[in-house]
Amino acid sequence: MDELSYIGKPIPPRDGPVKATGAAEYTVDITLPGMLCGKILRSPHPHARIVNIDTTRAERLPGVKAVVTARDSLKIKHGFVETPRYPADQYPIAVDRVRHVGEEVAGVAAVDEETAEEALRLIEVEYEELPAVFDVEEAMKPGAPEIHPSHPKVSAPYMNIGGKTETSWGDVEKGFQESYLVREDRFAGPLRTHAYMEPQATVASFDYSGKLNVWTSSMGVFIKRSKLARTLGLPFGNVRVLRSYVGGAFGGKVDLFGHEYIASLLSMKCRLPVRIVYSREEVFKAARHAQPLIIELKTGVAKDGTIVAQQIRTINDSGAYRGSGVVIIFLAWGFAMAPYRIPNLKYEGYSIYTNNTVHCPQRGHGAPKMRFAIESQMDMLAEELGVDPVEIRLRNARKPGEILPNGDSTKNYGLIECIQRVAKQTDFASRYGKAKRDEEKGSTIKHGIGMGLTSYFGGSLVYPNSSSVIVKLNDDATATLLTGALDMGQGVNTILCQIVAEELGITMEEIQLVAADTETTPVDIGSWISGLTYVTGNATKTAAEAVMKKLLEVAAEQLDTDVGQLEAKNKEIFVRRAPERRISYREAIAASILKRQGDSIIGEGHFRTMRTEPTHPSLATTKGRWSENFASDAQVAEVEVDIETGMVKVTRATVAHDCGFPLNPLLVEGQVDGQISMAQGQALGEEVLLRKGRVINPSFLDYKIPCSLDMVENHQEHVITEKYEKGCHYDTKEVGEGLVSGMLAAIANAIYDATGVRVKELPIYPHRILDLLEEKEKQGG
């Protein structure tokens, strides 16, 4: 690593200056000639049949240029998952029925916002209200209102089943019988929002040539193009999705959303650009939020704490449509089986329809809730057994080279070293249980320390399954990098330029980046599944290597030597044993154009994770490979709890993580900082509150998120298990999602260490702590 010039170095983000100066153009900043203001009419009912929609008065209003309803659409459904088992189940604009408050019913485009709002008020919709159900367990019961028919391939005595994941290995019942101790607990993770600063926004412009141009705040331009083209009935080549800066997403801007479809449909109808921007209240009331999860966990262990058997049942409220519900119940299994060795396991997960808003991924997509449950129970088991919490984790943590039940390998897994390093750094063994030993008499402030860990995959097979990159040299030996990757603030553009600079021996300033345009850049997987740096990064490395290979071949011809005798440095190529024989990059490029039929030296790179696997694993059975790389981490949280008020303050966080190797340590540290903050919010206060399907805290005044003043002091330890080498692809691991989970669990365990009460339902509100303390006191605890 010391021999590298750019990889492994803390290089600031390329887009830092434009963002800091306000020059960055987000979707909300885009203005086109003749652009109209778009607005969406939404259902006021959680469940109703649409009897009639009359748009006559709205269409006659001066300044209104277009009104659309389902009558203007092709009535093609879409879904986060679209497979033979789980076909699309949602119209982008309601056709004959609404299933949640806020569902899109109509759209208008007008010359200004006031006219558009008035046009919405003039649209008359006749509804026939239907019975609704909002509690996920009530929705499962026989006789509950039917939102959708239960999945035909799931044989279970429940209503409204959107999907099921089921898997097992070993003999779970025998394992429980042989266990020294068996615990059963129930945990719950609530509905949360992503709290991205930039709201949902789209600009659509359909011209008379039949081309639809779209700018939208998203996580990937190619998935958006695919879904827009299919639902609008347009050829892929007639839909161009272009990059704009993205003000946060955290999983909440993957899928096709109603505003993107309606803005496009309006523009197609009136042949003028249309912009739709959500208010913050609309984001809370109508956009998609993170998937809630109930986890029923039964674990049997030997006397020394070794896991013998585990049984897990998860229940997901997917909302009114399937959303990513069937994905989270699959992923939750993976987040349970990857960190610890479990010889006997039975898992079943249900995704259930309710009349709540549709739900989608959020950073970690199930891992925070699953690790909160498992890590909390691990501490409970350790306490009952009289085993140290660190030791019980070390006894069960998977080692490098283990083959997981689905066929994946842990390869050079660093989890054990993460546990050891974070425990040593915090002096965990001597400090855990100190509040109980000292009883901290005379003070209402109690101190606690807790640990949590997780493992997270890096890249999987999701449309479009691969990334391609083009690197081309200009006549002056500067380079242009063309990639479909979309940087949402995580720094991927900087990483890709670091790779090109490293491989070609040029400076970062000599690389121009063209990114995220479906018409001019190659296909890219997008900024999700924690695979961008791995998949697109390796495609970039391959493209840059192809450029260098061409340069060396041309230089070898010009210098009359073998490629193997050459070295490149400072934009010159020379013979290793006769360095006076040399040629500049410029001269090599000119020679290539002259003698190689105009080849100006262009390199292509393509990369697909799990290249020998035909498809992604089964969401229903978990069979099939999932990922090539597993990151791991162990984290410790230190807290203060005021037992008079129930208020919790996280005072310090310590993280040891294995991300393979940090391509850019500065960006890695930023990711860790952000995830600690997010975990703090999820642990202590973030929850979208619903009443009969309606959000009742639709603003940041009532939905509390950590701010800059709440940032937690933290210490980070890098566990290096990989290296970057020229001539081969690299196996770096993710660092953008998994760390939320370990810290969330660590905070919960630290609160127990401080107070002696165990909260099993997130968030850990002060009143929950006080209620448990009161109950403990009544029981003589």
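Quick rundown of the values:
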read-out	value
Of the GluC sites (Glu not before Pro) in region 661-699, those whose Cβ has at most 12 other Cβ within 10 Å and which sit in DSSP loop	none
The chain: DSSP helices with Cα axial extent of at least 27 Å and average Kyte-Doolittle hydropathy no lower than -1.0	537-559, 665-684
Order by protection proxy (mean Cβ within 10 Å, highest first), peptides 458-469, 587-598, 382-393	458-469, 382-393, 587-598
Fraction of accessible area attributable to carbon and sulfur, the chain (%, probe 1.4 Å)	50
Packing-based order for 224-231, 517-524, using average beta carbon neighbours within 10 Å, highest first	224-231, 517-524
Theoretical FRET efficiency, 1/(1+(r/R0)^6), r = Cβ-Cβ of LYS595 and GLN565, R0 30 Å, to 0.05	0.90
Cleavage-rule hits, chymotrypsin sites (Phe, Trp or Tyr not before Pro), region 682-741, DSSP coil, Cβ neighbours within 10 Å at most 10	none
Sites LYS424 and ARG586, calculated FRET efficiency, Cβ-Cβ separation with R0 60 Å, nearest 0.05	0.65
Distance histogram in 10 Å bins (all Cα pairs of the chain, percent per bin)	3, 13, 22, 24, 19, 12, 6, 1, 0, 0
Three semi-axes of the equivalent ellipsoid, region 679-769, Cα gyration tensor, whole Å, largest first	34, 19, 13
Computed lengthening from GLU281 to GLU553, 0.36 nm per intervening residue step minus Cα-Cα distance	92.0 nm
Where N is the number of residues in region 413-506, Cα Rg divided by 2.2 N^0.38 Å	1.96
Relative packing of 631-639, 528-536, which averages over residues the other C-beta atoms within 10 Å, highest first	631-639, 528-536
Spin-label model distance (nm) - THR651 vs MET197, 7 Å beyond Cα toward Cβ	3.1
Å² per residue, accessible surface of the chain at 1.4 Å	37
Rg ratio (alpha-carbon, reference 2.2 N^0.38 Å) - region 111-214	1.91
Stretchable slack from GLN177 to GLU124, in nm (0.36 nm times residue separation minus alpha-carbon distance)	12.7 nm
Calculated FRET value between THR31 and LYS436, using beta carbons and R₀ = 41 Å, to 0.05	0.10
Difference of contour (0.36 nm per residue) and Cα-Cα distance, ASP388 to LYS692	105.0 nm
Stokes-Einstein diffusion coefficient of region 107-164, Kirkwood radius over Cα pairs, 25 °C, 0.890 mPa s, in µm²/s	167
Directionally averaged shadow of region 152-262, computed from the convex hull of its alpha-carbon atoms, nm²	12.4
Trypsin sites (Lys or Arg not before Pro) within region 601-670: DSSP coil, no more than 13 neighbouring Cβ in 10 Å	ARG611, LYS623
Qualifying lysines (Cα of each under 28 Å from Cα of LYS9; at least 8 residues distant if same chain)	LYS19, LYS411, LYS424, LYS472, LYS541, LYS549, LYS550, LYS569, LYS571, LYS723, LYS726, LYS733
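The values are calculated or read from the model by the stated rules, or taken from the named source; none is laboratory data. Since the model is a prediction, treat every value here as computed from it, not as a measurement. Neighbour counts are summed over all protein chains in view; Cβ atoms, including those assigned to glycine, are modelled from backbone coordinates with ideal geometry. Side chains included, ligands, DNA and RNA excluded: accessible areas come from the protein's heavy atoms. Shrake-Rupley method; radii C 1.70, N 1.55, O 1.52, S 1.80 Å.
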